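Rule-based calculations on the coordinates, nothing more; no lab input. The model shown is predicted, which means the values in this text are computed figures rather than measured ones. Cβ placement follows ideal geometry from the backbone for every residue including glycine, while neighbour counts extend to all protein chains displayed.
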Amino acid sequence: MLLLDTNVYINRAAGRLEAPVRDTIDQALLFHCSVALAELAVGVANADPSRPGWTALRDHYSALFAAIPASRLVTPDPQVWADAGVIAGMLARTQGFQPHQRKECLNDALIFLAAAKAGVPVLTANRDEFDLIQQIAPEGQFIHY
């Protein structure tokens, strides 16, 4: 079982995943976080529709979203939101995060804590931030690739 971080979807769509990571994803029971899906949706909606390849990008993510079973969608509850806010605030203060980094940290904390509550590790390319989050919330797990 794995819950995918946003960067996994992006790297997979761009063909930037090594074969062992692709194989692991293909063989795993995948869970998806509403926060990661929202980050993807923002990226697609922010992309220039006149750009070559935009239609393929939109269609790829539309098909991905449509294929996710509701039973494997993980959504942060109010307690996860509160805990993620505390973690993001602590890390912003102790790590000197800039405003854009604070939002990214909040989203990563939401993904990490929602996955922890569901009992599923997060697969991510973002070792640095997830390691910091895990130091504060050791009940969660992540796998770095």
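Key figures for this structure:
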read-out	value
Some residue of segment 12-24 being hydrophobic (A, V, I, L, M, F, W, C), within 23 Å of F142 (Cβ to Cβ) and touching a strand residue (DSSP E or B) at 6+ places or on another chain (Cβ under 6 Å)	no
Helices (runs of 4 or more DSSP H) lying entirely in segment 11-99 (those with 1 or more residues that are more than 19 Å from Q134 (Cα to Cα) and of a type in the set (S, T, Y))	19-27, 34-46, 54-67
Residue pairs meeting the criteria (Cβ under 8 Å; at least 6 apart or on separate chains; first of a type in the set (G, A, S), in segment 19-48; second part of a loop (DSSP other than H, G, I, E, B))	A28/M1; S34/T75; S34/P76; A36/D5
Residue match in segment 107-118 (condition: in a helix (DSSP H, G or I), in contact (Cβ under 8 Å) with a residue 60 or more places away in the chain and among the polar types (S, T, N, Q))	yes
Some residue of segment 59-81 being among the acidic types (D, E), closer than 26 Å to E18 by Cβ, free of Cβ contacts under 8 Å to residues at least 60 places away in the same chain and surrounded by fewer than 17 Cβ atoms within 10 Å (Cβ to Cβ)	yes
Residues of segment 131-145 that turn out to be in a helix (DSSP H, G or I) and more than 11 Å from L91 (Cα to Cα), as a count	2
Test: residue in segment 79-86 that is in contact with a helix residue (DSSP H, G or I) (Cβ under 6 Å, 6 or more places away or on another chain) and within 16 Å of Y9 (Cβ to Cβ)	no
